[in-house]
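Please treat every number below as a calculation from the coordinates, not as lab data. Here the structure is a predicted model, which is why all the values come from computation and not from measurement. No Cβ is skipped: glycine too gets one built from the backbone with ideal geometry, and neighbour counts run over all protein chains shown.
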Amino acid sequence: MKNIVIAGLVSMAISLPSLTSAQSKSDDKKAAITNLIHNQSYVFTAQSSIPAGPSPDRQLNGQYDLTVTKDSVISYLPYFGRAYTAPMDPSKGGIQFTSTKFDYKVTEKKKGGWTIVIKPKDTQEASQLILNVSSAGYSSLQVIGNNRQPITFNGVVDERKSKK
């Protein structure tokens, strides 16, 4: 019986530092995400898309993203769903635009995380982008277009990589 108690105490002593280490990593990640969002310097990388209507969900290959900086929003996202008008240039499929005139509003959620509403004013591709971000960086992006059904993307928010 004495050996069982000693073994239990030893295992608790060994696992305690790993628990505090995991907590500090979580706190570090939350602080990093907070900094990225409030500095308007991040990239949302889409991992899956959820079109409106009967279209099936699609897994994406990680090359589609939405880049946000203080002076621009750059979208390179696919589109699956019903478009009410055809594009003038068929090579410009998806949701591709660069906006330099936009409203940016961050609202902190009660249970952690943020809701970010971006309203581009100089593009016809999207009238509103709603990004819900958890404190761990997992996020969903809803794109509401002018001439299309809305589409939702699931993915992650991370820091922007500098181009070499």
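Could you give me the radius of gyration and the Dmax of segment 52-133, taking only the C-alpha atoms into account and expressing both in angstrom?
When restricted to the Cα atoms of segment 52-133, Rg and Dmax are 14.3, 44 Å.
Determine the sum of side-chain charges near Val43: Lys and Arg each +1, Asp and Glu each -1, restricted to other residues whose C-beta is under 9 angstrom from that of Val43.
Once all neighbours under 9 Å are counted, the net charge is -1.
Hey, what D do you get for segment 109-154 in µm²/s if you plug the Kirkwood alpha-carbon radius into Stokes-Einstein at 10 °C and 1.306 mPa s?
141 µm²/s
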